[in-house]
1. Can you find even one residue in segment 122-145 that is surrounded by fewer than 17 Cβ atoms within 10 Å (Cβ to Cβ), among the hydroxyl-bearing types (Ser, Thr, Tyr) and at pLDDT 90 or above?
2. Here are some conditions: (1) within 19 Å of Ala137 (Cα to Cα); (2) more than 17 Å from the chain's Cα centre (by Cα). Leu41 meets all but one. Which one does it not meet?
3. Taking the condition of being touching a residue at least 24 places away in the same chain (Cβ under 8 Å) and under 26 Å from the mean Cα position of the chain (by Cα), how many residues in segment 183-221 meet it?
4. With the requirement that a residue be free of Cβ contacts under 8 Å to residues at least 60 places away in the same chain and open to solvent by 40 Å² or more (accessible area, probe 1.4 Å), what does segment 26-39 give you?
5. With respect to Asp188, is the statement that it is of a type in the set (D, E, K, R) and either touching an Asp or Glu at 6+ places or on another chain (Cβ under 9 Å) or under 14 Å from Asp269 (Cβ atoms) (or both) true?
6. Of the residues Val273, Val218, Val252, which single one is under 29 Å from Glu78 (Cβ atoms), aliphatic (A, V, I, L, M) and surrounded by 13 or more Cβ atoms within 10 Å (Cβ to Cβ)?
7. Limited to segment 226-246, what total is found for residues that are in contact with a strand residue (DSSP E or B) (Cβ under 9 Å, 6 or more places away or on another chain) and either among the hydrophobic types (A, V, I, L, M, F, W, C) or not in a strand (DSSP E or B) (or both)?
8. Scan segment 223-249 residue by residue and report those that are surrounded by fewer than 19 Cβ atoms within 10 Å (Cβ to Cβ) and of a type in the set (Gly, Ala, Ser).
Amino acid sequence: MTSPDAAVQTFEAHRPRLTRLAYRMLGSTAEAEDIVQDAWLRWRRVDAGSVGDAGAFLRRVVTRLCLDLLKSARARRETYTGSWLPEPVLEDAANDDLREDELTLTLMLALERLSPLERAAFLLHDVFGVPLREIAATLDRDPAAVRQLAARARKHVRDGRPRYPVDREEGNRIAEAFFAATSSGELDTLRGLLAEDVVLRSDGGGRVVASLNPIEGVERVCRLVAGLHRKSGGRRPVFVRLAWIDGLPGYVSRDPQGVLQTTAFAIEDRRIVAIFVTRNPEKLAGVARALVSVGRAGCSQQR
């Protein structure tokens, strides 16, 4: 019989990886944390000492819980107001291991086009390196079927992988230049940053103002920026900080009305090909907490 302390230590050792898996499955940190908490409650009810491989057991529990939740999540997203974007996660010391997954925001959107089983098979096999036999047991499929699921998923997401990864210095430079151009209304400068077929997606979730449909093409994006600048009456947004958001360069800001938002960019050949703006307050609670934590840390260092 495993002691309670040992069971807690075992679970906590696996918690970060379980949370990453649930987040990648669901696109929501809040839902991922709820799933992992549910897994903890189930773990607490079993005799941990009788479990041969705790990691495999917990991955199976978390994956199955996520699959159950995805059924209702897909139904909710069909009635979602406007564009749906994954909840933004800022890269920092607390979640640096997200970089290991090599899953950018664009790839997470590609995962949305997969069936729940394809998504699970791809993430477990290609991203988390879980053996086929374990995945087969988790999904209640034979290994050959799991291999096919992962192969189909891989084909779907292949186009979402960046052809030319952007280094951090270049990404930050473009993010700063975009903010400067949009906040000042410098449309000629903005055009120089955008690809001709750029697409802007804005997620307000029906709770704050956002474009309901994707804005496609450099001129349409420029017209949107010009309209927002005109409506602001000269009031400019507030730049909060640069940030890498789910593997993409970007920044956190507040609009002239004080609404918090994140802006992330997919960049190819030094031009922005996609812009992802998250404004839904429900999806920005984690970002707001991270900003408060950074602020407190800064104050502590100054003391």
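1. No, the conditions are met nowhere in segment 122-145.
2. (1)
3. 25
4. Glu31, Glu33, Asp34, Gln37, Asp38
5. Judged against the criteria, Asp188 is not a match.
6. Val273
7. 9
8. Within segment 223-249, Ala226, Gly227, Ser232, Gly233, Gly234 qualify.
The values are calculated or read from the model by the stated rules, or taken from the named source; none is laboratory data. Note that the coordinates shown come from a computational prediction; the quantities given were computed from them, not determined experimentally. With ideal geometry, Cβ positions are generated from the backbone for all residues, glycine too; neighbour counts draw on all protein chains shown. Please note that ligands, DNA and RNA were not included when accessible areas were found on the heavy atoms of the full protein model with its side chains. Shrake-Rupley method; radii C 1.70, N 1.55, O 1.52, S 1.80 Å.
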